[in-house]
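Below is one structure; the comments refer to it alone.
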Amino acid sequence: MDERLREIIERNSQIVFFGGAGVSTESNIPDFRSEQGLYNARQEYGMSPEQMISHSFFIRETETFFDYYKNNMIYPEAKPNEAHYSLAKLEQEGKLKAVVTQNIDGLHQAAGSKTVYELHGSVARNTCMECGGKYGLDYIMAEENCDGHVPKCKKCGGIVKPDVVLYEEALDEEVISGAVNAISSADMLIVGGTSLVVYPAAGFINYFRGKDLVLINKSATPYDDKATLVIHDSIGKVMKY
């Protein structure tokens, strides 16, 4: 771990981590907002990724939505990286109180983190829109459970929707409340793998009232001048325990 970061962690006991897409890209999950992601969506579907994973598109073009979603948002082979494991270890040691993430891949939990606020939901959870039946990722990916690309509930035949916050949908109020409470009561906030320009998630940093703000991102952010420590590098390398 970067020595400067280690020193700041040692003098704090209420630490929260706020992470974005850069945490997952180091596990080989591409950022769908990247130039490559934008190019692929436009080439194959003639639309932007934001259009493809919007609520209105899901309702209007459910078959095409799931074709895009399964091929571009699901990475079942992805494994947690050094950043995920270091955060889980800090939680086990009683230092880290919560992870707040914009990612939907479930890798923080796979690494062992217990208190995780997933602002945009998770691909691991899926719910029947008719009866509320709950399903895992394997179920919706299995062809035998689908009509075309669309997963159907085995109880009632309803469409099984991912518990992922689509564009045009509101964030979950309980998750927001938990994340805000964690950040506002932290004495140290580590922000990693996010440019802090995508709202509403980026606005969560404004709830931080503690003394030590650490920013770890490959590029600059609008908050760099407010931080105790800024590191422009790979988050896995910086946080490796």
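If you take the residues in the stretch 218-236 that are under 15 Å from Gly19 (Cα atoms) and of a type outside the set (A, V, I, L, M, F, W, C), which one is surrounded by the fewest Cβ atoms within 10 Å (Cβ to Cβ)?
By that ranking, first place goes to Ser219.
Sort through Glu168, Glu174 and tell me the only one that's among the acidic types (Asp, Glu), touching a Ser or Thr at 6+ places or on another chain (Cβ under 6 Å) and either over 19 Å from Val123 (Cβ atoms) or at pLDDT 95 or above (or both). Quick ask: steps written out before the conclusion?
Details: Glu174 fails: touching a Ser or Thr at 6+ places or on another chain (Cβ under 6 Å).
Answer to the check: Glu168.
Output the qualifying pairs, or none if there are none: Cβ atoms under 8 angstrom, residues six or more apart or on different chains, first residue in the stretch 202-217 and under 15 Å from Val99 (Cα atoms) and among the small types (Gly, Ala, Ser), second residue outside any strand (DSSP E or B) and open to solvent by less than 20 Å² (accessible area, probe 1.4 Å).
What qualifies is Ala202/Thr194; Ala202/Leu196.
Do we have any residue at all in the stretch 189-201 that's open to solvent by 30 Å² or more (accessible area, probe 1.4 Å), without any contact (Cβ under 8 Å) to a residue 24 or more places away in the chain, under 15 Å from the mean Cα position of the chain (by Cα) and within 22 Å of Ile176 (Cα to Cα)? So that I can check it myself, show each step before the final result.
Taking the stretch 189-201 and keeping what is open to solvent by 30 Å² or more (accessible area, probe 1.4 Å), we get 195, 197-200.
Now drop any that are not without any contact (Cβ under 8 Å) to a residue 24 or more places away in the chain, which leaves 199.
So of that shortlist, the ones also under 15 Å from the mean Cα position of the chain (by Cα) come out as 199.
Filter again for within 22 Å of Ile176 (Cα to Cα), leaving 199.
Yes, the stretch 189-201 contains at least one residue that is open to solvent by 30 Å² or more (accessible area, probe 1.4 Å), without any contact (Cβ under 8 Å) to a residue 24 or more places away in the chain, under 15 Å from the mean Cα position of the chain (by Cα) and within 22 Å of Ile176 (Cα to Cα).
Residues are listed down the side, and each one gets a yes or a no for (1) under 20 Å from the mean Cα position of the chain (by Cα); (2) over 26 Å from Ile53 (Cα atoms):
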| position | (1), (2) |
| --- | --- |
| Cys128 | no, no |
| Gly133 | no, no |
| Gly136 | yes, no |
| Ala142 | no, no |
| Pro151 | no, no |
| Leu166 | yes, no |
| Tyr207 | yes, yes |
| Val230 | no, yes |
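Out of the stretch 161-177, which residues are within 16 Å of Ile104 (Cβ to Cβ) and hydroxyl-bearing (Ser, Thr, Tyr)?
Tyr167
For the stretch 12-42, what are the residues that are without any contact (Cβ under 8 Å) to a residue 24 or more places away in the chain and open to solvent by 100 Å² or more (accessible area, probe 1.4 Å)?
Those that are without any contact (Cβ under 8 Å) to a residue 24 or more places away in the chain and open to solvent by 100 Å² or more (accessible area, probe 1.4 Å): Glu35, Gln36, Tyr39, Arg42.
Quick one: how many residues across the stretch 196-216 are in a loop (DSSP other than H, G, I, E, B), in contact with a helix residue (DSSP H, G or I) (Cβ under 8 Å, 6 or more places away or on another chain) and not hydrophobic (A, V, I, L, M, F, W, C)? Please lay out each step first, then the result.
Restricting attention to the stretch 196-216, the residues satisfying the condition of being in a loop (DSSP other than H, G, I, E, B) are 196-200, 208-211.
From what's left, in contact with a helix residue (DSSP H, G or I) (Cβ under 8 Å, 6 or more places away or on another chain): 196, 208-209.
Cutting the leftovers down to not hydrophobic (A, V, I, L, M, F, W, C) gives us 209.
Qualifying residue count, the stretch 196-216: 1.
Tally up the residues in the stretch 202-212 that are in contact with a Leu (Cβ under 6 Å, 6 or more places away or on another chain) and surrounded by 20 or more Cβ atoms within 10 Å (Cβ to Cβ), please.
Total meeting the criteria: 1.
Scan the stretch 43-55 for residues that are assigned to a helix (DSSP H, G or I) and open to solvent by 20 Å² or more (accessible area, probe 1.4 Å) and jot them down.
Gln43, Glu44, Tyr45, Glu50, Gln51, His55
The values are calculated or read from the model by the stated rules, or taken from the named source; none is laboratory data. For clarity, every value in this text was computed on a predicted model and none was experimentally measured. So basically every Cβ, Gly included, is an ideal-geometry build from the backbone, and we count neighbours across all protein chains shown. Heavy atoms of the whole protein, side chains included, go into the accessibility calculation; ligands, DNA and RNA do not. Shrake-Rupley method; radii C 1.70, N 1.55, O 1.52, S 1.80 Å.
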